[in-house]
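Presented below is the structure to which this report refers.
The values are calculated or read from the model by the stated rules, or taken from the named source; none is laboratory data. Everything numeric here is computed off the predicted structure, so don't read it as measured data. Because the Cβ atoms are built from the backbone with ideal geometry, glycine has one as well, and the counts that use them run over all protein chains shown. Calculation scope for accessible area: heavy atoms of the full protein, side chains included, ligands and nucleic acids excluded. Shrake-Rupley method; radii C 1.70, N 1.55, O 1.52, S 1.80 Å.
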Amino acid sequence: MSTLSELCQQILTCTKCEVLSKNRTRVVPGEGPENAEIMLIGEGPGFHEDQQGRPFVGQAGMYLEQLLASINLKRQQVYIANVIKCRPPGNRDPLPSEIQNCHHWLQAQIELIRPRMIVTLGRYSMAQFFPGKTISKIHGTAQKRDGIIYFAMYHPAAALHQQSLRQAIEDDMLKIPALLAESESIVQDSPQPEQLSML
Ligand code: URA
(Lines give C-alpha, C1' and ligand atoms only; values in the text may rest on other atoms or scores of the structure.)
Protein backbone atom coordinates (compact mmCIF):
# COMPACT_ATOMS: atom_id res chain seq x y z
CA MET A 1 0.00 0.00 0.00
CA SER A 2 1.52 3.31 -0.98
CA THR A 3 -0.83 6.22 -0.35
CA LEU A 4 -3.33 7.25 2.27
CA SER A 5 -6.18 7.26 -0.24
CA GLU A 6 -5.32 3.68 -1.27
CA LEU A 7 -5.34 2.70 2.39
CA CYS A 8 -8.73 4.35 2.89
CA GLN A 9 -10.09 2.46 -0.12
CA GLN A 10 -9.01 -0.78 1.52
CA ILE A 11 -10.60 0.21 4.83
CA LEU A 12 -13.90 0.78 3.00
CA THR A 13 -14.06 -2.91 2.05
CA CYS A 14 -13.19 -4.35 5.47
CA THR A 15 -15.50 -7.10 6.76
CA LYS A 16 -13.40 -8.34 9.67
CA CYS A 17 -16.09 -7.53 12.27
CA GLU A 18 -19.19 -9.41 11.18
CA VAL A 19 -21.67 -7.43 13.29
CA LEU A 20 -20.23 -4.02 12.44
CA SER A 21 -19.84 -4.67 8.73
CA LYS A 22 -23.42 -5.98 8.45
CA ASN A 23 -24.96 -3.11 10.39
CA ARG A 24 -23.05 -0.13 9.04
CA THR A 25 -24.37 2.27 6.44
CA ARG A 26 -20.89 3.54 5.55
CA VAL A 27 -17.37 2.94 6.73
CA VAL A 28 -15.68 6.02 8.19
CA PRO A 29 -11.95 5.69 7.47
CA GLY A 30 -10.97 9.24 8.45
CA GLU A 31 -10.15 12.45 6.62
CA GLY A 32 -7.58 15.18 6.36
CA PRO A 33 -4.32 15.99 4.63
CA GLU A 34 -1.72 13.24 4.29
CA ASN A 35 0.92 15.66 5.61
CA ALA A 36 -1.11 16.77 8.66
CA GLU A 37 1.03 17.72 11.67
CA ILE A 38 -1.74 16.83 14.08
CA MET A 39 -3.82 13.68 14.06
CA LEU A 40 -6.95 13.55 16.23
CA ILE A 41 -8.22 10.11 17.12
CA GLY A 42 -11.76 9.63 18.43
CA GLU A 43 -13.64 6.51 19.44
CA GLY A 44 -15.85 5.45 16.56
CA PRO A 45 -18.53 6.72 14.17
CA GLY A 46 -21.92 7.72 15.57
CA PHE A 47 -25.23 8.04 13.71
CA HIS A 48 -24.32 11.01 11.51
CA GLU A 49 -20.82 9.77 10.74
CA ASP A 50 -22.26 6.40 9.68
CA GLN A 51 -24.71 8.19 7.38
CA GLN A 52 -22.10 10.43 5.77
CA GLY A 53 -18.95 8.30 5.88
CA ARG A 54 -17.06 11.17 7.54
CA PRO A 55 -15.70 11.49 11.09
CA PHE A 56 -17.00 14.00 13.65
CA VAL A 57 -19.81 15.56 11.62
CA GLY A 58 -22.47 15.59 14.37
CA GLN A 59 -22.75 17.74 17.50
CA ALA A 60 -19.43 16.53 18.89
CA GLY A 61 -17.84 17.42 15.56
CA MET A 62 -19.17 20.97 15.68
CA TYR A 63 -17.74 21.35 19.15
CA LEU A 64 -14.42 19.87 18.00
CA GLU A 65 -14.30 22.50 15.26
CA GLN A 66 -14.81 25.23 17.88
CA LEU A 67 -12.02 23.77 19.98
CA LEU A 68 -9.69 23.72 16.96
CA ALA A 69 -10.65 27.31 16.17
CA SER A 70 -9.51 28.31 19.67
CA ILE A 71 -5.95 27.49 18.52
CA ASN A 72 -6.48 28.94 15.04
CA LEU A 73 -6.85 25.61 13.29
CA LYS A 74 -9.49 24.51 10.80
CA ARG A 75 -10.57 20.90 10.63
CA GLN A 76 -9.15 20.71 7.08
CA GLN A 77 -5.65 21.21 8.54
CA VAL A 78 -5.69 18.15 10.80
CA TYR A 79 -6.24 14.46 10.17
CA ILE A 80 -9.31 13.12 11.99
CA ALA A 81 -9.71 9.39 12.52
CA ASN A 82 -11.27 6.96 14.96
CA VAL A 83 -10.16 3.84 16.80
CA ILE A 84 -12.87 1.86 15.01
CA LYS A 85 -14.06 2.72 11.53
CA CYS A 86 -17.64 1.36 11.68
CA ARG A 87 -20.51 2.43 13.93
CA PRO A 88 -21.41 -0.05 16.67
CA PRO A 89 -25.16 -0.79 16.59
CA GLY A 90 -27.09 1.64 18.79
CA ASN A 91 -23.86 3.56 19.50
CA ARG A 92 -22.77 0.96 22.04
CA ASP A 93 -19.17 0.98 23.25
CA PRO A 94 -16.72 -0.77 20.94
CA LEU A 95 -15.82 -4.32 21.95
CA PRO A 96 -12.18 -5.24 22.66
CA SER A 97 -12.30 -7.61 19.66
CA GLU A 98 -13.51 -4.80 17.38
CA ILE A 99 -10.76 -2.49 18.58
CA GLN A 100 -8.24 -5.27 17.99
CA ASN A 101 -9.58 -6.01 14.50
CA CYS A 102 -9.33 -2.34 13.53
CA HIS A 103 -5.96 -1.67 15.14
CA HIS A 104 -3.86 -2.35 12.04
CA TRP A 105 -5.83 0.20 10.01
CA LEU A 106 -5.13 2.93 12.57
CA GLN A 107 -1.47 1.96 12.76
CA ALA A 108 -1.17 2.06 8.96
CA GLN A 109 -2.75 5.53 8.92
CA ILE A 110 -0.29 6.76 11.54
CA GLU A 111 2.65 5.29 9.60
CA LEU A 112 1.61 7.02 6.38
CA ILE A 113 0.78 10.38 7.96
CA ARG A 114 3.68 10.43 10.46
CA PRO A 115 2.05 13.28 12.42
CA ARG A 116 4.08 15.33 14.86
CA MET A 117 1.30 15.01 17.40
CA ILE A 118 -1.43 12.45 18.10
CA VAL A 119 -4.33 13.80 20.17
CA THR A 120 -6.44 11.08 21.74
CA LEU A 121 -10.09 11.98 22.28
CA GLY A 122 -11.74 9.95 25.02
CA ARG A 123 -10.72 6.86 26.93
CA TYR A 124 -10.88 4.27 24.14
CA SER A 125 -8.44 6.26 22.08
CA MET A 126 -6.29 7.05 25.12
CA ALA A 127 -6.07 3.34 25.96
CA GLN A 128 -4.38 2.66 22.60
CA PHE A 129 -1.47 4.96 23.37
CA PHE A 130 -1.39 5.28 27.17
CA PRO A 131 -2.19 1.71 28.27
CA GLY A 132 -3.22 1.32 31.90
CA LYS A 133 -3.76 5.06 32.42
CA THR A 134 -6.91 6.83 33.60
CA ILE A 135 -8.22 9.75 31.59
CA SER A 136 -9.09 11.88 34.62
CA LYS A 137 -5.42 11.66 35.67
CA ILE A 138 -3.62 12.12 32.37
CA HIS A 139 -5.82 14.41 30.27
CA GLY A 140 -3.86 17.49 29.29
CA THR A 141 -0.52 15.71 29.56
CA ALA A 142 1.88 14.74 26.80
CA GLN A 143 4.55 12.15 26.16
CA LYS A 144 6.98 12.03 23.29
CA ARG A 145 7.86 8.62 21.87
CA ASP A 146 9.63 7.82 18.60
CA GLY A 147 9.31 11.39 17.43
CA ILE A 148 5.56 11.67 18.02
CA ILE A 149 3.95 13.70 20.82
CA TYR A 150 0.98 11.86 22.32
CA PHE A 151 -1.53 14.14 24.05
CA ALA A 152 -4.63 12.89 25.88
CA MET A 153 -7.90 14.81 25.98
CA TYR A 154 -11.46 14.10 27.06
CA HIS A 155 -13.93 13.19 24.33
CA PRO A 156 -15.75 16.29 22.99
CA ALA A 157 -19.13 14.52 23.28
CA ALA A 158 -18.57 13.94 27.01
CA ALA A 159 -17.26 17.47 27.52
CA LEU A 160 -20.26 19.02 25.76
CA HIS A 161 -22.60 17.76 28.43
CA GLN A 162 -20.51 18.08 31.60
CA GLN A 163 -19.40 21.53 32.62
CA SER A 164 -16.31 20.37 34.54
CA LEU A 165 -15.02 18.36 31.58
CA ARG A 166 -15.84 21.21 29.24
CA GLN A 167 -13.51 23.56 31.05
CA ALA A 168 -10.83 20.86 31.08
CA ILE A 169 -11.07 20.07 27.36
CA GLU A 170 -10.97 23.77 26.47
CA ASP A 171 -7.92 24.35 28.68
CA ASP A 172 -6.21 21.22 27.33
CA MET A 173 -6.72 22.26 23.70
CA LEU A 174 -4.96 25.56 24.42
CA LYS A 175 -1.81 23.66 25.45
CA ILE A 176 -1.26 22.19 21.98
CA PRO A 177 0.54 25.09 20.25
CA ALA A 178 3.14 25.37 23.02
CA LEU A 179 3.71 21.61 23.04
CA LEU A 180 4.38 21.65 19.32
CA ALA A 181 6.68 24.64 19.65
CA GLU A 182 8.51 23.05 22.56
CA SER A 183 9.07 19.77 20.76
CA GLU A 184 10.49 21.63 17.77
CA SER A 185 13.26 22.84 20.02
CA ILE A 186 14.08 19.30 21.22
CA VAL A 187 16.63 17.97 18.78
CA GLN A 188 17.21 14.45 19.97
CA ASP A 189 14.60 11.94 21.13
CA SER A 190 15.72 10.20 24.27
CA PRO A 191 15.31 6.40 24.47
CA GLN A 192 12.95 6.80 27.43
CA PRO A 193 9.53 8.37 26.79
CA GLU A 194 10.10 12.05 27.19
CA GLN A 195 7.81 13.99 29.50
CA LEU A 196 7.16 17.37 28.02
CA SER A 197 7.28 20.24 30.45
CA MET A 198 3.59 21.09 30.38
CA LEU A 199 2.55 18.07 32.43
N1 URA B 1 -17.45 10.44 18.19
C2 URA B 1 -16.30 9.82 17.82
O3 URA B 1 -15.57 9.28 18.64
N4 URA B 1 -16.00 9.81 16.54
C5 URA B 1 -16.73 10.38 15.61
O6 URA B 1 -16.35 10.34 14.45
C7 URA B 1 -17.91 11.03 16.02
C8 URA B 1 -18.26 11.05 17.31
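At a glance:
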| item | result |
| --- | --- |
| Rounded Å value of the spacing that divides the Cα centres of the stretch 103-177 and the stretch 21-72 | 14 Å |
| Antiparallel bridges, percent of DSSP beta bridges restricted to the chain (to nearest 5) | 35 percent |
| Additional length obtainable on full extension of the chain from S97 to E37, 0.36 nm per residue less Cα span | 18.6 nm |
| Calculated from backbone phi, Karplus (6.51, -1.76, 1.60) coupling profile of the stretch 102-118 in Hz, x at Gly/Pro | 8, 4, 5, 5, 4, 4, 5, 4, 4, 5, 6, 7, 6, x, 6, 9, 10 |
| For the stretch 97-146: rounded, prolate or oblate by the Cα gyration tensor [a/c cutoff 1.5] | oblate |
| Carbon plus sulfur fraction of accessible area for the stretch 4-179, probe 1.4 Å, in percent | 49 percent |
| The chain, relative contact order in percent, only Cα pairs under 8 angstrom and at least six apart counted | 21 percent |
| Eligible lysines near K137 by straight Cα distance, threshold 30 Å, same-chain separation 8 or greater | K74, K85, K175 |
| Charge sum, other residues only, whose C-beta stays under 13 Å from L7's C-beta, Lys/Arg counted +1 and Asp/Glu -1 | -3 |
| Computed magnitude of the charge dipole of the chain (debye, nearest 20; Cβ of K, R +1, Cβ of D, E -1) | 460 debye |
| Per residue value of the accessible surface for the chain (all protein chains in place, 1.4 Å probe), Å² | 49 Å² |
| Whole-Hz couplings from phi, Karplus 6.51/-1.76/1.60, listed for the stretch 67-82; x for Gly and Pro | 4, 5, 4, 5, 10, 6, 10, 9, 4, 5, 8, 10, 9, 10, 9, 9 |
| For the chain, calculated [θ]222 nm from helices alone, where every DSSP H run of n ≥ 4 adds -39500 (n - 2.57) | -12000 deg cm²/dmol |
| Net length gained if the chain between Q9 and K22 were fully extended (0.36 nm per residue, minus Cα distance) | 2.9 nm |
| Hz values of 3J(HN,Hα) by residue in the stretch 22-28 - Karplus curve (6.51, -1.76, 1.60), Gly and Pro given as x | 7, 9, 6, 8, 9, 7, 10 |
| Binned Cα-Cα distances of the chain, short to long, each 10 Å bin given as a whole percent | 9, 38, 38, 14, 1 |
